[in-house]
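To start, the structure itself, in structure tokens.
Laboratory data are not the source of any read-out in this text; all were calculated from the coordinates shown. Treat the numbers as computed from the prediction; the structure is a model and nothing was measured. In this analysis, Cβ positions are derived from the backbone assuming ideal geometry, glycine residues included, and neighbour counts consider all displayed protein chains.
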Amino acid sequence: MAKDNIKDLISQVLKLLEIDATFDVSEEEDVINVNLNTEDAALVIGYHGDTLDSLQVILSLMISKKLGEFKRVSLEVADYKKNREEWLTNLAYQTKERVLAENKEIYLPDLKPWERRIVHVLLADDNEVISESVGEGKDRVLVIKPRS
């Protein structure tokens, strides 16, 4: 699918949602990155990024159907993900320090799958702590604990 076709599809969705925006599209191997500029950023992001996540899924499904293969869409609006990633980095290292100081595991609930993945990647090669996700579905939480 040509980049212009992807842009047309995104434009159609934004028009249906009555969101006035401009955007840039770039493609990586398995991800289509969309950087959206809009005055309606809060509306697009939604509560804790819920609307943003839903919009990414819808766009991924629509584009994948046209392509005949799955492509994940990563939608960035008002630097939400970039800022969230910085916050998650701080959270990961602060939690690591707490885990080591208290010598016990600490649970981090209410993280989305992509947020848990960021923490896992940050701590993957750490010699002092390990991270793992436990639970199922909406009850899935990230645990950081000392290495034994």
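Overview of results
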item	result
Eligible lysines near Lys3 by straight Cα distance, threshold 26 Å, same-chain separation 8 or greater	Lys15, Lys65, Lys66, Lys71, Lys81, Lys82
Computed magnitude of the charge dipole of segment 3-78 (debye, nearest 20; Cβ of K, R +1, Cβ of D, E -1)	300
Ranking of Ser74, Ser26 by count of other Cβ atoms within 10 Å, fewest first	Ser26, Ser74
Span-like helix ranges in the chain, DSSP H, alpha carbon extent 18 angstrom or more, Kyte mean at least -1.0	3-16, 50-67
Given charges at beta-carbon only (K, R positive; D, E negative), |dipole| of segment 83-146 in Debye	180
Diffusion constant of the chain at 10 °C, which comes from Stokes-Einstein with the Kirkwood Cα-pair radius and 1.306 mPa s, µm²/s	93
Most mobile of Asn127, Asn37, Asn90 in a GNM of the chain (Cα contacts under 10 Å)	Asn127
Segment 3-78: relative contact order as a whole-number percent, Cα under 8 Å and 6+ apart	32
The chain - percent relative contact order, Cα under 8 Å, separation 6 or more	17
Antiparallel %, DSSP beta bridges [both residues in segment 3-78], to 5	55
Net dipole in debye of the chain [+1 Lys, Arg Cβ; -1 Asp, Glu Cβ; about Cα centre; nearest 20]	360
Expected 222 nm ellipticity per residue - DSSP helices of 4 or more, -39500 (n - 2.57), all of the chain, to 500	-15500 deg cm²/dmol
Counting DSSP beta bridges with both ends in the chain, the antiparallel % (nearest 5)	75
Segment 83-146 shape via C-alpha gyration tensor axes, a/c threshold 1.5	oblate
Candidate lysines for bridging to Lys104, where Cα separation is under 26 Å - those fewer than 8 sequence places away on the same chain excluded	Lys96, Lys112, Lys138, Lys145
